[in-house]
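> Would you mind keeping the following structure in view while I ask a few things?
The values are calculated or read from the model by the stated rules, or taken from the named source; none is laboratory data. Small disclaimer: the values here were computed from a predicted structure and weren't measured. A quick note on method: Cβ atoms are made from the backbone with ideal geometry, for glycine too, and the neighbour counts reach across all protein chains shown. Areas reflect the complete protein model, heavy atoms only, side chains present, ligands, DNA and RNA absent. Shrake-Rupley method; radii C 1.70, N 1.55, O 1.52, S 1.80 Å.
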Amino acid sequence: MTTERPLDRRGARTAVVWETLRPMLAGAPLDVLDIGGGTGGFAVGVASLGHRVSVVDPSPDALAALDRRAREVGVSVEARQGDLATLDAAPGSADLVLCHGVLEVVDDPGAALATLRAVLRPGGRLSLLVAQRNAAVIARAMAGHFAEAAALLDDPSPTGRTGRRFTAAEATSLLTAAGFAVDAVHGVRVFADLVPGSLLDLEPGSTAALIELEQAVARRPDFLPLATQLHLVAHR
């Protein structure tokens, strides 16, 4: 099995992240820790490339689904119930940490990043995926919720079940304060959430073209504020 993404909406939403991770995963087997990895959307693909992967997630149902997914493709992924607050990984035990969609809901993002840095070996890398506030402002305004959009403009506090949202500057500052060196910041889902699903279903080749477009704009600073998510790569 490879990590080639399926040509569907989910594939379009994860294409930029996979494109960034693939070169990191091209060498010798790594020790990879996936915090909040849930059902294994990334973990199983990484394990399929020959890496040693551990997933820590608070949901027993998600971990059960991860186990089924891993067995279906014939790979081994260590699954542990827990979260960042109870993380028992040994210091310096990971070459790569995936932290996707987790920083939004922790009590202290700075402390969480410091914990992850301690888990990494010197030179180890962090793949951080966070929700972006600017895109949430745009989504609320387009839905006609203008007061909510205005209130969200400069408010970094948690909001509902989705938790915090970050700007690129805020996420970069948090990483730097935790002792990371930031290597890259990419925009994820610039257009993927805006394109009607019916168009992708009915127009041949539209999903592949959307993926190419997402990859083309991911590194363009002028499109960064429009991205639903930010993908930051940093190293210890």
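> Lys/Arg Cβ at +1, Asp/Glu Cβ at -1, dipole of the chain taken about the Cα centre: which of ALA168, ALA94, PRO196 is farthest positive-ward?
ALA94
> Could I have the simple spin-label model distance between GLU148 and PHE191, label points 7 Å from Cα toward Cβ, reported in nm to one decimal?
2.7
> Still on this structure: Using amide H atoms built in the peptide plane, which far-off residues or other-chain residues are under 5 Å from GLY36 H to H?
Under 5 Å from the amide H of GLY36: VAL56, ASP57.
> I've got another one for you. How much of the accessible area of the chain, in percent, comes from carbon and sulfur atoms when a 1.4 Å probe is used?
Values: 6210 of 11150 Å².
Reported share for carbon and sulfur atoms: 56 percent.
> Continuing with this model, one more query. Show me, for region 37-44, the HN-Hα J-couplings you get by feeding each phi into the Karplus relation (A = 6.51, B = -1.76, C = 1.60, θ = phi - 60°), rounded to Hz, glycine and proline as x.
Each residue's phi maps through the Karplus curve to give x, x, 7, x, x, 9, 4, 5 Hz.
> Near the amide H of ASP183, under 5 Å away, which other amide H atoms are found, from residues 5 or more places off or on another chain, if H is placed in the peptide plane?
Residues meeting the criterion, in which the H sits 1.01 Å from N, are VAL233, ALA234, HIS235.
> For region 40-121, how big is Rg over Rh, using alpha carbon atoms and the Kirkwood form of Rh?
Ratio of gyration radius to Kirkwood radius for region 40-121: 0.96.
> Quickly estimate the mean residue ellipticity at 222 nm for the chain, helices only: each DSSP H run with n ≥ 4 gives -39500 (n - 2.57), and the total goes over all residues, rounded to 500.
Value at 222 nm, helices only, nearest 500: -11500 deg cm²/dmol.
> Sticking with this structure for a sec: Return an integer: the convex hull volume of the alpha-carbon atoms of region 155-236, in Å³ per residue.
Values: hull volume 9.9 nm³, N = 82.
In region 155-236, the Cα convex hull volume per residue is 121 Å³.
> Taking 0.36 nm per residue of sequence separation and subtracting the Cα-Cα distance, how much length would be gained by fully extending the chain between ARG121 and ALA169, in nm to one decimal?
14.7 nm
> When the Cα centres of region 101-173 and region 45-84 are compared, how far apart do they sit, in Å?
Answer, in whole Å: 25.
> For region 203-213, in order, what is each residue's ³J(HN,Hα) by Karplus, 6.51 cos²θ - 1.76 cosθ + 1.60 with θ = phi - 60°, in whole Hz (x at glycine and Pro)?
Values, residue by residue: 9, x, x, 5, 5, 4, 5, 5, 4, 4, 5 Hz.
> Taking the Cα centre as origin and putting +1 on Lys and Arg beta-carbons and -1 on Asp and Glu beta-carbons, what dipole magnitude results for region 8-132, to the nearest 20 debye?
I would put it at about 420 debye.
> Tell me, what is the FRET efficiency for SER93 and ARG68 to the nearest 0.05, using R0 = 45 angstrom and their Cβ-Cβ distance as r?
0.95
> Using the Cα centre as the reference, give the magnitude of the dipole from point charges on the C-beta atoms of the chain (Lys, Arg: +1; Asp, Glu: -1; all else neutral), rounded to the nearest 20 debye. Numbers along the way, then the final one.
On the way: 22 positive and 27 negative charges, 56 e Å.
About 260 debye.
> Using θ = phi - 60° and the Karplus curve 6.51 cos²θ - 1.76 cosθ + 1.60, what whole-Hz ³J(HN,Hα) does each residue of region 186-196 get, with Gly and Pro shown as x?
Couplings: 10, x, 10, 6, 5, 10, 4, 7, 9, 7, x Hz.
> Right, another one. Only Lys, Arg, Asp and Glu count, each charged at its Cβ (+1, +1, -1, -1), so figure out the dipole size of region 100-172 about its Cα centre, rounded to 20 debye.
Working: 8 positive and 7 negative charges, 69 e Å.
With Lys and Arg at +1 and Asp and Glu at -1, about 340 debye.
> If you don't mind, another one. Can you tell me the accessible area per residue over the chain, all protein chains present, probe 1.4 angstrom, in square angstrom?
47
> Quick one: how many Å² of PHE146 are accessible to a 1.4 Å probe, rounded to 10?
PHE146 exposes around 140 Å² with every protein chain in place.
> Using label points projected 7 Å from each Cα along Cα→Cβ, tell me how many nm separate MET24 and ALA139, to one decimal.
2.4
> Show SER59, SER76 ordered by accessible area, largest first, where the area counts protein heavy atoms only and the probe is 1.4 Å. Show your work: numbers first, answer last.
Working: SER59 40, SER76 100 Å².
The residues order as SER76, SER59, largest area first.
> To continue, here is another question. List the extent of the Cα atoms of the chain along each of their three principal axes, largest first, rounded to whole Å.
47, 43, 33
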